[in-house]
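Only the coordinates and a few stated rules stand behind these numbers; no lab work does. As the structure is a prediction and not an experimental result, all values here were calculated from the model. We place every Cβ from the backbone using ideal geometry, glycine too, and count neighbours over all the protein chains shown.
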Amino acid sequence: MRMRRTANINEKLNKMSNYIVFEPEGIKGKWHELFGNENPIHLELGMGKGSFISVMSKRYPDINYLGLERVEDIIYKAACREEIQESPNVKLLLADVENLPFYFNQMEIERIYLNFSDPWPKNRHEKRRITHPRFLDIYKKLLKKGGEIFLKTDNEDFFDFSLLSIVETGYSLRKITYDLHKTNFAENVMTEYEQKFAAVGKPICRCEAITPLD
């Protein structure tokens, strides 16, 4: 079902300029200056309404969090969260994953979160998957050596595709599970989708990918 468009969305977004970066290409290479510190930068791609990133920013105040979202109505809802407005270590990007190289310098990011990304299940849409090698190659350039990708999904076919793509693109894998909530991973922070899936007992797949150190 298509989301109902928020009335006067552009006007409302403009009032959120303290929290939303509308032209991230102008901050390329200057993200630490924007935050006013040299803390690590973690990036969530497709952050939804911001529940995950808001919790993470409170839990880890010495990390700078960026949440990328391309849908105006969704990023507006995220920016309205008090937790995000009160967190100096969070900024939201109204932007598209396709253009990441225009937003960041090489090795500017320490970790990327891919939480319940669109699995694009049809074979003809394979190249749109956010874990397709064309995207993974981009992430590898933007991540520091030894940088990480944390992936969670409820779609097992997408997870299998992702594992294969990750290895083929030169990353190493660790902490692979097809049922996250049956593990002892105490640091897990659930997204909106994950909370719904957990409520009905749907298994969650998770893994961590690491870029080469050399």
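The overall shape of region 87-193 is rounded: from the C-alpha gyration tensor, with semi-axes ordered a ≥ b ≥ c, the ratio a/c is less than 1.5. Taking a ≥ b ≥ c as the square roots of the Cα gyration tensor eigenvalues, region 65-140 comes out oblate, since a/c reaches at least 1.5 and a/b does not exceed b/c.
Applied to region 106-120, the Karplus parametrisation 6.51 cos²θ - 1.76 cosθ + 1.60 on θ = phi - 60° returns per-residue 3J(HN,Hα) values of 5, 6, 8, 10, 9, 8, 10, 10, 10, 9, 6, 5, 4, x, 6 Hz, with x for Gly and Pro. The average projected area of region 17-98, computed from the convex hull of its Cα atoms over all directions, is 4.8 nm². Filter the chymotrypsin sites (Phe, Trp or Tyr not before Pro) in region 116-214 to those in DSSP coil with at most 15 other Cβ atoms within 10 Å of their Cβ, and list the result. Qualifying residues, ordered by number: Tyr178, Phe185.
Taking the fewest neighbouring Cβ atoms within 10 Å as the starting point, the ordered list for Met47, Met16 is Met16, Met47.
Each residue of region 89-105 was assigned a 3J(HN,Hα) from its phi angle through the Karplus expression (A = 6.51, B = -1.76, C = 1.60, θ = phi - 60°), giving 9, 10, 9, 10, 10, 7, 7, 10, 4, 4, 9, 3, x, 7, 9, 9, 6 Hz with x at Gly and Pro. In units of the rule-of-thumb radius 2.2 N^0.38 Å, the chain shows an alpha carbon radius of gyration of 0.99. Taking amide H as placed 1.01 Å from N in the peptide plane, Gly147 has its amide H under 5 Å from the amide H of Thr211, each at least 5 places away in sequence or on another chain. For Ile20, the residues whose modelled amide H falls within less than 5 Å of its own, excluding neighbours fewer than 5 places apart on the same chain, are Leu92.
The string of couplings for region 64-77 from the Karplus curve (6.51, -1.76, 1.60, θ = phi - 60°) is 8, 10, 10, x, 9, 8, 9, 8, 4, 5, 6, 5, 5, 4 Hz, one whole number per residue in order, with x for Gly and Pro.
In loop segments of region 2-63 as defined by DSSP, the chymotrypsin sites (Phe, Trp or Tyr not before Pro) with at most 15 further C-beta atoms inside 10 Å of their C-beta are Phe22.
Among the GluC sites (Glu not before Pro) in region 1-60, those placed in a DSSP loop whose Cβ has at most 12 other Cβ atoms within 10 Å are Glu38.
When only Cα pairs below 8 angstrom with a gap of at least 6 residues are kept, the chain shows a relative contact order of 20 percent.
Be a star and scan region 65-98 for residues whose amide nitrogen sits under 18 Å from the point 7 Å along the Cα-to-Cβ vector of Lys15. From region 65-98, the list is 72-86.
Dividing the summed -39500 (n - 2.57) terms of all DSSP H runs of n ≥ 4 by the residue count of the chain sets its mean residue ellipticity at 222 nm at -8000 deg cm²/dmol.
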